[in-house]
Amino acid sequence: MLPTPSTSHVNYDRIYEPAEDSYLLLDTLVLSTETAFLKDRFPPATPSPLVLEVGTGSGVVLAFVTANAETIFGRADIATIGTDVNPFACEATAETVRVAVTEQAKVGKASGRFCDCVTGDLSTALKHGSVDVLIFNPPYVPTEALPEMPTHSEALGSASRDNFERDSRLLALSYAGGADGMETTDRLLGQLPDVLSKRGVAYVLLCKQNRPQDVLERIREWLGGWHADIVGTSGKKAGWERLCILRIWRP
Amino acid sequence: MKLLTINFLTCARKTCKSTPASFPLHPKEAELEQVETEMNPLFLRNILPRLDWEAMRMLTTELGLPNLPAETPAPEELVVATTTDLDAGNGDDRASGPSQMARDLHVLLMETSIASGKLVCGNCGHEYAVKEGIANFLLPSHMV
Ligand SMILES: [Zn+2]
């Protein structure tokens, strides 16, 4: 059992608190099936894979991947990068990663290399073809509407740290998924063929209301021979998996 | 933000994505800071093929940093033999360490950061702000 990165410094009034979905991502990435898949796809001595987490929130997932690169990829020479629409989440992520990497160093373990967490919409700031592993824990709860994105001028500014209305909107952005809970996820899926490298693979979390089977089938119809499978599940209730992780890749 | 990060970013506008001028972004009024971090020679070696060397050269020039060599350094240029025990008569006692080139690259890519300033798209001219080391790629709604 690998330790979960500490997020004790994170302000949950405006940043999504790690929950069952975050932990399912962590658990899935260290399943022997996934580590075997990733080690085979990114063998040592090949160029360092770039891992992007979209919507890092507290940074718990990106910190876990960075600190446990050796376990997950069989190599510590990976680069990690994050994006979030919430500038406070970017700040928190950098700190969560820093703490996790420091903890690893204390027990003599090497970590991957964290680049930065940038404020942005999904993967739009990333260069096409640059991402080898993309991880996304989306806002997946079905809601009537999507909350407004933070405005350009609203992004960051220690001058405006206390703003209740903005904070509740930032929090809503981290879970409210619009129709079927799929509005944001569908936008991200649409970016995958461009942003992923040839060896790229994406891990995307879905909930039951997102209709994972339909999503799988849609991806399998993309041009270019894409594969998609459910590789992790949690929250069994009356035979239904509440949450699942999709792996999406080109063989 | 680290200079390495800029190797992976472009203008966020859809209309710019496919134009070569949207990469690399050009620093403007950049305040640099040095953040020390431990060097990982293996990482350096395997991240090199991920770099757009021309873009990195352009970036260092625009930031007024020492020029990078014309070509991506070869892996063997990153190491130097540090100790050689000639008496041993075999290679077993040879140890190697990071070369000056490796140290310089580490400082440039991993330790040199833009604390504040702007990153400008060479295609549309949009300026992305960097504040407290965090770049903001959110676009005003009329530009999305
Ligand atoms: Zn542009």
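Quick notes on this one:
- Share of pairwise Cα separations in chain B, more than 26 Å, in percent: 35 percent
- Per residue solvent-accessible surface (Å²) - region A:1-159, probe of 1.4 Å: 35 Å²
- Complex-versus-alone comparison for region A:76-101, residues with a loss of 50 Å² or more in accessible area, probe 1.4 Å: A:Asp77
- Average beta-carbon neighbours from other chains, 10 Å sphere, peptide B:12-24: 2
- Along the axis of the charge dipole computed for the protein assembly as shown (Cβ charges of +1 for Lys and Arg, -1 for Asp and Glu, origin at the Cα centre), the listed residues A:Leu24, A:Ala79, B:Leu105 are led at the positive end by A:Leu24.
- Gaussian network model of chain A, springs between alpha carbon atoms under 10 Å - residue of A:Ala176, A:Ala19, A:Ala94 with greatest fluctuation: A:Ala19
- q = 0.10, 0.11, 0.14 Å⁻¹, the protein assembly as shown: log10 I(q)/I(0) [Debye, one scatterer per Cα]: -0.65, -0.78, -1.29
- Comparing mean-square fluctuations of A:Gly181, A:Gly235, A:Gly57 from a GNM of chain A with C-alpha springs under 10 Å, the top value falls on A:Gly235.
- Between region A:168-231 and region A:20-68, the alpha-carbon center distance in angstrom: 17 Å
- By the Cβ distance rule (another cysteine Cβ under 4.7 Å), the unpaired cysteines of chain A are A:Cys115, A:Cys207, A:Cys244.
- Net charge dipole size for chain A [Lys, Arg +1 and Asp, Glu -1 on Cβ; Debye, nearest 20]: 800 debye
- Relative contact order [Cα under 8 Å, 6+ residues apart], region A:20-249, whole percent: 20 percent
- ³J(HN,Hα), Karplus 6.51/-1.76/1.60, whole Hz, each residue of region A:45-57, x for Gly, Pro: 6, 7, x, 3, x, 9, 9, 10, 9, 9, x, 5, x
- Note on the protein assembly as shown: with neighbouring protein chains present and a 1.4 Å probe, carbon and sulfur make up 53 percent of its accessible heavy-atom surface.
- Under 14 Å, Cβ to Cβ, from B:Asp52 - net charge with Lys/Arg +1 and Asp/Glu -1: +1
- Full extension of the segment from A:Asp13 to A:Leu31, taken as 0.36 nm per residue of separation minus the current Cα-Cα distance, would add 3.3 nm.
- Taking the alpha carbon gyration tensor of region A:20-249, multiplying each eigenvalue by 5 and rooting it gives semi-axes of 25, 24, 17 Å, largest first.
- The B-A contact accounts for roughly 2900 square angstrom of buried accessible surface, both chains included, probe 1.4 angstrom.
- List A:Arg113, A:Arg169, ordered by accessible area with a 1.4 Å probe, largest first: A:Arg169, A:Arg113
- Farthest positive-ward along the protein assembly as shown dipole, Cα basis, beta-carbon charges - from A:Val195, A:Val97, B:Asn7: A:Val195
- For the set A:Val201, B:Val120, solvent exposure ranked by accessible area (probe 1.4 Å, protein chains only) runs largest to smallest as B:Val120, A:Val201.
The values are calculated or read from the model by the stated rules, or taken from the named source; none is laboratory data. All of these numbers come straight from a predicted model, not from anything done at the bench. Quick reminder, even Gly has a Cβ in these numbers, built from the backbone with ideal geometry, and neighbours come from all protein chains shown. Keep in mind that these areas ignore ligands, DNA and RNA; they rest on the heavy atoms of the full protein, side chains included. Shrake-Rupley method; radii C 1.70, N 1.55, O 1.52, S 1.80 Å.
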